[in-house]
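Below is one structure, written out as structure tokens; comments come after it.
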Amino acid sequence: MNTHTTIDKMIYKTVKSSLVTFSQLMLPSHSNFSGKIHGGFILSLLDQIAFACASKYSGKYCVTASVDRVDFLTPVEVGELLTLKASVNYVGRTSIVVGIRVESQNIQTGEIKHCNSSYFTMICKEENGEKAEAPKLILKNLNEVRRFYKALHRIEEHSKAKEQIKDPIDYKSQDLIDHLLDNHFVKIELD
């Protein structure tokens, strides 16, 4: 079965053509001071699989533009098998959103835990470093449509948040200071 097609000189590929799965045994050298696998080590693996997925899909070198929230749901133990599953969820002109699911498996009991899910926005690059067009996406089932739509929704929410940040805020305003003092665990001692 052909996983990509060309329509009007535009290349289209399926989500299936982007799938990457990676498993690694968690060793003591990957642990933090509390004996759990270090979150930074897992973030490094997430970045690697996002790169592999986006590059496999696009046929281009891809760089990480942003990471959309990584929540560590359950700790990963030394001796567990960590599996990362990545696929393309959304494609823009030069950007690709890669969805990643991380699971750990206790090798002795077979128990599988969902550790986290995250979304990496990757940018396709030409050899000269300029942005490159990404192949467009063929959605084959409702789950792929759902993931595409959710990625689009997150992108729109990020754009709205960026616009709100651009609004000038008077950080010296007594109303703002009062709000912070009344609603947050903060002490303000301005010099």
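The values are calculated or read from the model by the stated rules, or taken from the named source; none is laboratory data. All values reported here derive from a predicted model rather than from experimental measurement. Backbone-built Cβ (ideal geometry, glycine too); neighbour counts: all protein chains shown. Side chains are part of the model used for accessible areas, which takes the heavy atoms of the whole protein and leaves out ligands, DNA and RNA. Shrake-Rupley method; radii C 1.70, N 1.55, O 1.52, S 1.80 Å.
Some points to look at:
- DSSP-assigned coil residues among chymotrypsin sites (Phe, Trp or Tyr not before Pro) in the stretch 22-57, each with at most 15 further Cβ atoms within 10 Å: F33
- Choice from N128, N106, N143 showing the highest fluctuation, given a GNM over the chain with Cα pairs closer than 10 Å: N128
- GluC sites (Glu not before Pro), loop per DSSP, at most 16 other Cβ atoms within 10 Å - longest free stretch of the chain: 1-110
- Only one of [x] 12.9; [y] 17.0; [z] 10.2 was calculated from the structure for mean projected area of the Cα convex hull in nm², and its label is [y].
- The chain, relative contact order [Cα under 8 Å, separation at least 6], %: 21
- Beta bridges by DSSP in the chain, antiparallel share as percent, to the nearest 5: 95
- Accessible area per residue for the chain, computed on protein heavy atoms with a 1.4 Å probe, is 65 Å².
- Surface composition of the chain: carbon plus sulfur atoms contribute 55% of the solvent-accessible area (1.4 Å probe, protein chains only, all chains present).
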